[in-house]
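Encoded as structure tokens, the structure appears first; notes follow it.
The values are calculated or read from the model by the stated rules, or taken from the named source; none is laboratory data. Quantities reported herein were computed from a predicted structural model and do not represent experimental measurements. Cβ: placed from backbone, ideal geometry, glycine included. Neighbour counts: every protein chain shown.
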Amino acid sequence: MSINAALNIFLEEYPQALEQRFSGHSVADFIRNDVPAAVRDVLDVSDRYLVHGSPGQGNWAKVPWVAVYDRFITESAQDGFYLVYLVREDFKGVYLSLNQGVTTVRKVYGADAKVALAARAADYIARLGSVPATTVTGAIDLAVEKASSLGAFYEAGAICSKYYERGSIPADDDLADDLHQFVDLYFRLVTKDLTPTSSSSAEDDEVGLEQEDLTKLREHKRIERNRKLSEKAKKIHGYTCQACGFDFSRQYGEIGRTYIEAHHLTPLHTLKGQKVSLDPETDFSVLCSNCHRMIHRSEFVDKVEEFRARYVVRRES
Ligand SMILES: [Zn+2]
Ligand SMILES: [Zn+2]
């Protein structure tokens, strides 16, 4: 399926599907499987990006969506920011939108969530700097009926968007160009998100680093904070430091059980780009807290064996 066909299914077939039984419906399956596959075909940018489509859970959503997540930022529609195709409630058109996760913001801000989302969007827009003339920044119009519906929060959370009207959905080449353009905007914002602001204090291993190295170190740490990935890496590699053999449970007993730190092995200088390999088996090692700190200060940040030979084995002898 092409993206053009996918968007047309959203606008032409979804309204009728809404009248029918949700469970087992072919349109629901299209949105879960075929539409994300069409988006993935166009993207082709490594396993850094996840594509997920939702027609609703248990019942039809008023605003069905297909999202693209940068795994460095988020792996769900609940928080962070991501790209998403959002359909208007009146089915007059669909937006491609760089938008924000709503669930977490609603939990924190309650009744003021829309104000918070709009304020964050304004900050993101400022960080983005100039955007292509064909896009709009700020709030979008999803024609929501109820101010409390999820769509109303996506209206407020929009950072940068492009609108496609029913009946004049562009050809696939143009849709692909737009998608690439938005992935570039997303990537730009992800990179800017690492730029320290005056309010964020540098950690001690960041002091003295040039801006470029600082950004890379923060990117590296962000990969390691990806919970799902680091949990997988720990399950695969075990809970003993691969540099010095330290075992937290042997030293600390029960509170040290299954404690270890996941360390990503991509050399920092290659991190600059959208293609980053994130295989928990081959791209991660596990280290104790001391070795983890020290390997970052050493010349062997991506080579645990060399680090061990130079700094750990030598000390033991
Ligand atoms: Zn160690
Ligand atoms: Zn690390």
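Filtering region 142-162 down to residues that are more than 21 Å from the chain's Cα centre (by Cα) and on the phi < 0 side of the Ramachandran plot, which residue is surrounded by the most Cβ atoms within 10 Å (Cβ to Cβ)?
My answer is L142.
What's the number of the condition V39 fails, among (1) closer than 22 Å to Y164 by Cα; (2) free of Cβ contacts under 8 Å to residues at least 60 places away in the same chain?
Unmet for V39, out of (1) closer than 22 Å to Y164 by Cα; (2) free of Cβ contacts under 8 Å to residues at least 60 places away in the same chain: (2).
Can you name the residue in region 141-162 that is in a helix (DSSP H, G or I) and among the small types (G, A, S) and is also nearest to K92 (Cα to Cα) among such residues?
Going through the qualifying residues, I end up with G151.
What are the residues in region 265-310 that are surrounded by fewer than 17 Cβ atoms within 10 Å (Cβ to Cβ), at pLDDT 85 or above and either of a type in the set (S, T, Y) or not assigned by TED's automatic domain parsing to the domain that holds R225 (or both), if any?
Scanning region 265-310 gives T282, S289, S298.
Of the residues that make up region 233-253, is at least one without any contact (Cβ under 8 Å) to a residue 60 or more places away in the chain and within 19 Å of F72 (Cα to Cα)?
yes
Which condition number does G56 fail, the rest of (1) crowded, with 17+ Cβ neighbours inside 10 Å; (2) more than 28 Å from I125 (Cβ to Cβ) being met?
(1)
Any residue at all in region 163-174 that is among the aromatic types (F, W, Y), at pLDDT 95 or above and either part of a helix (DSSP H, G or I) or over 14 Å from the mean Cα position of the chain (by Cα) (or both)?
yes
What number of residues within region 221-242 are modelled with pLDDT under 95, more than 11 Å from ligand 2 (Cβ to nearest atom) and in a loop (DSSP other than H, G, I, E, B)?
1
Which of the residues spanning region 205-220 are over 16 Å from V190 (Cβ atoms) and either aliphatic (A, V, I, L, M) or within 15 Å of ligand 2 (Cβ to nearest atom) (or both)?
D205, E206, V207, L209, D213
If I ask for residues that are polar (S, T, N, Q), without any contact (Cβ under 8 Å) to a residue 60 or more places away in the chain and either buried (at least 18 other Cβ atoms within 10 Å of the Cβ) or on the phi > 0 side of the Ramachandran plot (or both), which ones from region 86-141 would you list?
Once the filter is applied, which keeps residues that are polar (S, T, N, Q), without any contact (Cβ under 8 Å) to a residue 60 or more places away in the chain and either buried (at least 18 other Cβ atoms within 10 Å of the Cβ) or on the phi > 0 side of the Ramachandran plot (or both), region 86-141 yields Q100, T135.
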